[in-house]
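Computed from the coordinates by the stated procedures, all read-outs in this text should not be read as laboratory data. What you see is a predicted model, and the numbers here were worked out from it, not measured in a lab. FYI the Cβ positions are ideal-geometry reconstructions off the backbone, even for glycines, and counts take in every protein chain you see.
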Amino acid sequence: MASRSAAAAFSPFALSAARRLVGLNMRKCSSKLATQQPPKPKRSPFRPEAVTHDWIGPPNPLSNLRPVVYFVPEDESELQRRLRRLRQETEDWNHEFWTQQNISFNKGKDSFISSQLSEKGLSLRDENGRRRTLGSEDMAVFYKSFLDTNRTRHSDYNKEWYRRNFLITLLMGRVALKASWRSITERCRKTRADDK
Amino acid sequence: MYKTPCSRLSGLIGVSVKQKLVQNVPECKQTARSLIQLHKRDPSNWLTYQHLNFLKRQYVAKNSSELHQRAVPKPAPTQTIVDERDVGVERRVQRIPAIAPVVADTVPQSEDITSQARPAISPSEPDTDDAPAQKDSASSGSATSGEPPHIHVETDEAKEARLDRQWKLLKVDVAELPDVYAKLAKIKLTALVVTSAAAGFAMAPVPFDPLIFFVASLGTCLASCTANSINQYFEVPFDSNMNRTKNRPLVRGQISPLHAVSFALACGVPGIALLSLAVNPLTGFLGALNIFLYTCCYTPLKRLSIANTWVGAVVGAIPPVMGWTAATGCLEPGALLMGGFLYCWQFPHFNALSWNLREDYSRGGYRMMSVTHPGMCKRVALRHSLGLVGLAALAPALDVTTWTFPVVSLPINLYISYLAFRFYRRGDRDSARKLFFCSLWHLPMLLLLALTCKKPRREQELEAGLVAPPTASPPLALQS
């Protein structure tokens, strides 16, 4: 039991032999398959089931952040649960922030471009049907205003992100230490039992 | 036969061989592998015979065998790719042999029924119709009409399979670790930092001690690795949103944040200890100061104020000072001059770089001069490029180099100033790029020239009156 949780805690550290994921390598060489975990059994669309480790996915098109599917071991300790919850929360909070950021940036940019173009009396698309773009000096006005309007929002996000990041790392450290301590003591106990 | 050097020929041969392979898969495992390897070597081969329509029907995706090639006609270049981010990242994220990335191309064309692995965007994305590959549509039109139901079943699975492949285990792959560490430590930047420290060391007017030189370089390298790792650890969500940085190891989840911090500590503690104990405490202090400035001042400041560029310039200026103090053990004007070169150089370098990244910086919330004060950005770059000329002239006055140095370095300093002036006047992408690339070779050249024009120690000692001049010839003759 401890070994499994140790494995989970060590998932960042897991020093397995160099085995590539099947999907990466396209060639389902049987020898490789046998030594890997079976391909994900049942899952909801596009989200694998975490059997032994967490999974990290492709970047979300809105927030550009990668979602993680967390592995929940059966003997998850309080600390591990806290860590997993914090990571999940932070991931959701980050996703929220960046989605909003990207959306508002793109909307602001489009409205700025169209307002500038209409001021100049130009249409949105030129003769070839391509969208008109503004020069870098003009766009710089928008970029600066975007940064200025969002200044407090950004600095609040920064502080919160630094705090969460630090806390997550601290918890990870504690979990890892606990797991290694447990595995060491178990090993000692086992050798003592064997000696007897 | 499979190793023919002629790439086109091998392509056509490959196709005919594939037909045979399809029939005799169990017997041809070895040949399949060599074929795949051959294709791996020349990914551009796909272009040559992919456009030959009649060959398309022979492409097979055999799910049950090792011949797992999923060939797709190369998409027309003018398509709007909806899942571009997905696609692009998948290509970069997965180190699939060259054949496989073709799968990731979102070809929204309905004619790709022959390939079972086609992730069909066509049913769901009507807006990609505006870029059909006209030459392909004619031939496959007939084929399409015959098998619509077949497509949907296949393609949903295929799309799911493709998206599944983009999920990776959050587990450390030991084989990848060296590469991951290199990226985490920004090894190329570290190499430049060590070079500048080595230049500072070499310019110091003391006998060259190779052991101390090596130890100082190693210590600087480790300190730089630490600083870069912590920087990446702090900036994960920002890096994910910028094109330049979205493939960093922490963003991709190749290692955990704890692992990155442990790596940083494992580099930093020995590095600073090495510098403080094996070299001298001043150098160790400067190394620690630099790490602190970079991680705790520059990195947070990037999002708060444009002053980050000046702090960053100081961070860049400290390594040559460290090199000098490693050699001499004390902070001298010469050390500050070497630092000054790096400090002035940073501005044209960074301002030009950041000029073309303004949109990314703005969206990511970074406050850079190029975004908020574009005029100042260009002025500062120009000012500091001209400052380089002034500093070069100062070098002989401080006894760091002979008078030949300002003369010899004038051409390259004038050139970078000219490019900075062009950038100042035009302020467009092209002039910014030119300035940036110039700065990349300008600095090593400058340091090399300084090294070649370094003031010989004998002269310095003579001038300081430390050594009695030889009685036969007057001291002046030695200075020629």
Report summary line: Links exceeding 19 Å between C-alpha atoms in this model, out of B:188/B:246; A:178/B:183; A:109/B:434; A:144/B:302; A:144/B:434, come to A:178/B:183; A:109/B:434; A:144/B:434
Requested in this report: Starting with the fewest neighbours, write out B:233, A:157, A:162 ranked by other beta-carbon atoms found within 10 Å of each beta-carbon.
Outcome: A:162, A:157, B:233
Report summary line: One finds, for residue A:82 and residue A:111 with R0 = 51 angstrom and r their Cβ-Cβ distance, a FRET efficiency to the nearest 0.05 of 0.75
Report task. Determine the dipole magnitude for the range A:37-196: charges of +1 sit on the beta-carbon of Lys and Arg, -1 on that of Asp and Glu, nothing else is charged, the reference point is the Cα centre, and the result goes in debye to the nearest 20. Result -> 560 debye
Query raised in the report: Rounded to the nearest 0.05, what FRET efficiency is calculated for residue A:52 and residue A:92 with R0 set to 22 Å and r the Cβ-Cβ distance?
Result: 0.40
Report summary line: Ordered by fewest other Cβ atoms within 10 Å, a rough proxy for footprinting exposure, A:70, B:415 read B:415, A:70
Query raised in the report: Relative to the present Cα-Cα distance, how much length would full extension add between residue B:243 and residue B:156 at 0.36 nm per residue of separation?
Result: 28.4 nm
Query raised in the report: When the Karplus curve 6.51 cos²θ - 1.76 cosθ + 1.60 is applied with θ = phi - 60°, which whole-Hz ³J(HN,Hα) does each residue of the range B:360-369 get, with x for Gly and Pro?
Result: 4, 5, 5, 5, x, x, 8, 9, 10, 4
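Quick check on the exposure proxy: order B:297, A:188, B:453 from fewest to most C-beta atoms within 10 angstrom. Before the final figure, lay out the partial values.
Numbers: B:297 16, A:188 10, B:453 21.
Taking fewest neighbouring Cβ atoms as first place, the list is A:188, B:297, B:453.
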Query raised in the report: What GluC sites (Glu not before Pro) does the range A:113-192 have in DSSP loop regions with at most 10 other beta carbons within 10 Å?
Result: A:127
Query raised in the report: What spacing in nm lies between the two simple spin-label points modelled at residue A:153 and residue B:394, each 7 Å away from Cα in the Cβ direction?
Result: 4.4 nm
Query raised in the report: Using every alpha carbon pair in the range B:343-387, what percent of pairs falls into each 10 Å bin from 0 up to the bin containing the largest distance?
Result: 32, 51, 16, 1
